[in-house]
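First up is the structure itself, then whatever we jot down about it.
No value in this document is a laboratory result; all are computed from the given coordinates. Small disclaimer: the values here were computed from a predicted structure and weren't measured. Using ideal geometry, Cβ is built from the backbone for each residue, glycine included, and neighbour counts are taken over all protein chains shown.
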Amino acid sequence: MTTPPLPEQIELHRDRMWRRDEDLRIESAIDAERFIEDVGFANTLTDARRAGPSLRHRGMR
C-alpha cells in the first residue's frame, strides 16, 4: 500500500523548516544550533529510513 503524496503547501513548509532548500543549507555550527532549536534535538538524529528533519544529512561543510 502506497502513501498518497502530501499537499504542496506541506512540502514547502518542510523544505523551509527542515532546511531542504539550497539557500537554507546548514554550513556552520551556528546554523546547526539554530536547526536543532527549531526542530528539536531528537529529530536531528533521524535518517533516511524515516522521513523527517536530519542534521546528519544536511551536508555541513
Query - Assigned charges on the beta-carbon of Lys, Arg, Asp, Glu; the range 1-41 dipole about Cα centre (debye) - result: 160 debye
Query raised in the report: In nm, what is the difference between 0.36 nm times the number of residues separating ASP15 and ILE30 and their Cα-Cα distance?
Result: 3.5 nm
